1. In region 121-167, what residues are among the hydrophobic types (A, V, I, L, M, F, W, C) and over 17 Å from PHE81 (Cβ atoms)?
2. List every residue pair whose Cβ atoms lie under 9 Å apart, where the two residues are 6 or more positions apart in sequence or sit on different chains, the first residue falls within region 7-18 and is closer than 18 Å to ASN122 by Cα and among the charged types (D, E, K, R), and the second residue, located anywhere, is open to solvent by 50 Å² or more (accessible area, probe 1.4 Å) and assigned to a loop (DSSP other than H, G, I, E, B).
3. Could you say whether any residue in region 169-181 is in a strand (DSSP E or B), basic (Lys, Arg) and surrounded by fewer than 18 Cβ atoms within 10 Å (Cβ to Cβ)?
4. Anything in region 15-33 that is open to solvent by 100 Å² or more (accessible area, probe 1.4 Å) and either assigned to a helix (DSSP H, G or I) or basic (Lys, Arg) (or both)? List them, or say none.
5. (1) more than 25 Å from ASP166 (Cβ to Cβ); (2) not in a loop (DSSP other than H, G, I, E, B): which one isn't true of GLY124, the others all being true?
6. MET12 is checked against (1) among the hydrophobic types (A, V, I, L, M, F, W, C); (2) open to solvent by 40 Å² or more (accessible area, probe 1.4 Å); (3) closer than 19 Å to VAL145 by Cα and fails just one. What number does that condition carry?
7. Of the residues ASP170, ASP166, which single one is among the acidic types (Asp, Glu) and within 15 Å of the chain's Cα centre (by Cα)?
8. Give the residues of region 34-59 that are open to solvent by less than 80 Å² (accessible area, probe 1.4 Å), more than 28 Å from GLU5 (Cβ to Cβ) and outside any helix (DSSP H, G or I), sorted by residue number.
Amino acid sequence: MTEKEKMLNSQMYNPMGDKQLRNERCSVKNLCREYNNLPFEDEETQKILIKKIVGSTKENFYITAPFWCDYGYNIELGENFYSNHNMVILDCAKVKFGDNVFVAPNCGFYTAGHPVDYPRRNAGFEYAYPITVGDNVWIGGGVQVMPGVTIGSNVVIGGGSVVVKDIPSDCVAVGNPCKPIRKITDEDMKTCFDKNMNK
């Protein structure tokens with residue numbers, strides 16, 4: 001088995017000495033650098049480049065630069081995907097976003113992890129577990145999503161959360177570690193976010 005095959009099968013692998021993986025990382029990071037240096041108003045070229053970088057997209061999506069990833073081909077963007085500045089996706093395994101996902105600034109999705117024991121870690125070994133995000137999800141600012149996590153649909157992840165375990169659908173979840181704090185209900189449709197009306 002090649003190191004890439006091990007990586008894609010969630011087995012321990014060594015990416016540092018593998019020429020194929022190194023070349024793939026260099027290639028996509030050069031594309032990310034090109035994307036990040038485009039004029040902000042050049043949305044047409046931005047869309048073309050993102051389609052070269054990520055594995056699959058639907059029709060409507062927007063990623064605000066800067067954006068970085070490891071390989072790109074393991075990323076799937078659903079319809080109406082939006083991310084704000086400074087999104088990082090370490091996509092050594094699949095990272096799949098459903099439809100209508102909003103990602104606030106400074107968020108990270110990390111499929112990669114390293115052994116707890118230092119001899120293997122120092123030798124460059126790592127593993128990668130997939131991340132899945134459902135439909136209609138809002139990821140708050142500064143959220144970090146760890147390897148192997150599934151976030152359900154109709155979820156709000158509060159800003160600053162560190163998501164280390166699966167989050168069920170239809171809830172607000174927050175914290176480090178991130179945990180569901182309440183269900184989302186029809187009552188949420190009545191909430192007014194105008195501060196002047198709450199005085």
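The values are calculated or read from the model by the stated rules, or taken from the named source; none is laboratory data. Since the structure is predicted, the reported quantities are computational estimates derived from the model, not experimental observations. Reconstructed Cβ throughout: ideal geometry from the backbone, glycine too, with neighbour counts over all protein chains shown. Keep in mind that these areas ignore ligands, DNA and RNA; they rest on the heavy atoms of the full protein, side chains included. Shrake-Rupley method; radii C 1.70, N 1.55, O 1.52, S 1.80 Å.
1. ALA123, PHE125, ALA128, MET146, VAL149, VAL162, VAL163, VAL164, ILE167
2. ASP18/THR2
3. So far as region 169-181 goes, yes, one or more of its residues are in a strand (DSSP E or B), basic (Lys, Arg) and surrounded by fewer than 18 Cβ atoms within 10 Å (Cβ to Cβ).
4. LYS19, ARG22, ARG33
5. GLY124 satisfies every listed condition except (2).
6. (3)
7. On the way: ASP170 fails: within 15 Å of the chain's Cα centre (by Cα).
Selected residue: ASP166, the only one of ASP170, ASP166 that is among the acidic types (Asp, Glu) and within 15 Å of the chain's Cα centre (by Cα).
8. Residues satisfying the conditions are LEU38, PRO39, ASP42.
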